[in-house]
1. Of all residues in region 241-286, which are of a type in the set (G, A, S) and touching a Ser or Thr at 6+ places or on another chain (Cβ under 9 Å)?
2. Would you mind stating whether K292 is more than 30 Å from P157 (Cα to Cα) and open to solvent by 30 Å² or more (accessible area, probe 1.4 Å)?
3. Among the residues in region 342-362, are any open to solvent by 20 Å² or more (accessible area, probe 1.4 Å), touching a Leu at 6+ places or on another chain (Cβ under 7 Å) and without any contact (Cβ under 8 Å) to a residue 60 or more places away in the chain?
4. For the condition assigned to a strand (DSSP E or B), aliphatic (A, V, I, L, M) and either open to solvent by less than 20 Å² (accessible area, probe 1.4 Å) or under 21 Å from Q39 (Cβ atoms) (or both), what is the one hit in L277, L307, L232, L269?
5. Scan region 81-115 residue by residue and report those that are within 25 Å of the chain's Cα centre (by Cα), open to solvent by 10 Å² or more (accessible area, probe 1.4 Å), within 22 Å of L352 (Cα to Cα) and charged (D, E, K, R).
6. Within the bounds of region 250-259, is there any residue that is surrounded by 22 or more Cβ atoms within 10 Å (Cβ to Cβ), more than 23 Å from P209 (Cβ to Cβ) and touching a residue at least 24 places away in the same chain (Cβ under 8 Å)?
7. When region 138-151 is examined, which residues are found to be among the polar types (S, T, N, Q) and either exposed (fewer than 12 other Cβ atoms within 10 Å of the Cβ) or without any contact (Cβ under 8 Å) to a residue 40 or more places away in the chain (or both)?
8. Name every residue in region 93-104 that is farther than 14 Å from W77 by Cα and either assigned to a strand (DSSP E or B) or not β-branched (V, I, T) (or both), in order of residue number.
Amino acid sequence: MAGLERAETEGPEERVTLKERLIRLIETGGPIPVSTYMQLCLHDTAQGYYATRPGIGKDFITAPEISQIFGELIGLWLVHEWKAMGSPAEIRIVEIGPGRGVLMKDALRLAMMAGGGDFANAMRVTLVEPAPAMREIQNEALAAAQPEFVSTLAEVPAGPMLLVANEYLDCLPARQFRRDGASWRECVIGLDDKRELVFGLAADEQAAPEGAADASAVVEVQTGMDLLVADLVTRDAPFRALFIDYGPSDTAPGDSLRSYKDGEQVGPLALPGESDLTVDVDFGRLARMSGKAGLDVAGPAPQGMFLLGLGAQARLNQLVKANPDDGEAIFNAAQRLIDPKDMGERFKAICLSSGGLPAPAGF
């Protein structure tokens, strides 16, 4: 992108920060949309957050890191859905944003037990991960599964596919629109008189964004969802894609942009590329556009209900019985995932499938 190139003559000691590169971009071309800021802060290949700072367990923690039960139940789900497809001789097991490989490692451990040799021989593990540093971590964690790596969903080889993505949708860049009197304007990021990043509004008026209600003051639209659905629609059947993330079931998020560093919430503009950026997921919009595109849609369903439907209580009882000295810790971790007052209600599960398959397990 213009304005973000690094000079060829710069040495390591002269390397400019991502913040300075953003400032130069704005000075050159004017204010940038919030979505552009998110894209560069999270996914810039040189200085973006996911390329340089794998923050799981430090800046944030995800469900697979909290309890092994999460990944194990996903493993049982994979085997169930493979059988629902007729147990094809080859099945692509795909994860987008695999983190440190914890979810897939736990999932495959139970999947091998439940699916036996037939499933083990059929599966081909493919990880959608563009960051080289993360690929090294994932390859080590999942060495026994011999994972293949691709950078985008479109690169996943053809054939029957079961896809899982936990806390991936929330990092898709969001455009943000704010009501300004009787009209709408896009939220942008510019500079103040001290060359500091600040929020502002674009000069041109916009039509009301998709999902705007009469009472809406701010609406976020994740345009990356459109590409995601397009990638799935153009894929040959059969496939299922399971997404688990946080956000409302059927209303457009307002101003949900936030940032985390070392487990603490910080200002979204404070540490570009050094802190995690996230937004709430508009599950209603994802469900509507997927249905219109011809995909079968199950959910969104609360995460707690989804996990209980997969047998969370039975697996919890097994683990506590096998590890009585750690029983309380095992219970408390699982409770975080299921309790409506914790992650059980705020997190949702949604499954997008090619046509002709039975209803997926857990919904």
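1. A241, G247, A252, G254, S256, S259, G267, A270, G273, S275, G284
2. Here the answer is no, as K292 does not meet what is asked.
3. No, the conditions are met nowhere in region 342-362.
4. Only one candidate qualifies: L277.
5. Within region 81-115, just R92 meets the criteria.
6. No; the residues of region 250-259 include none that is surrounded by 22 or more Cβ atoms within 10 Å (Cβ to Cβ), more than 23 Å from P209 (Cβ to Cβ) and touching a residue at least 24 places away in the same chain (Cβ under 8 Å).
7. N139, Q146, S151
8. I96, G97, P98, G99, R100, G101 - these are the residues of region 93-104 that are farther than 14 Å from W77 by Cα and either assigned to a strand (DSSP E or B) or not β-branched (V, I, T) (or both).
The values are calculated or read from the model by the stated rules, or taken from the named source; none is laboratory data. The structure presented is a predicted model; accordingly, all values stated were derived computationally and were not measured. All Cβ positions, glycine included, derive from the backbone under ideal geometry; neighbour counts span all protein chains shown. Quick note on the areas: whole protein, heavy atoms, side chains included, nothing else; ligands and nucleic acids left out. Shrake-Rupley method; radii C 1.70, N 1.55, O 1.52, S 1.80 Å.
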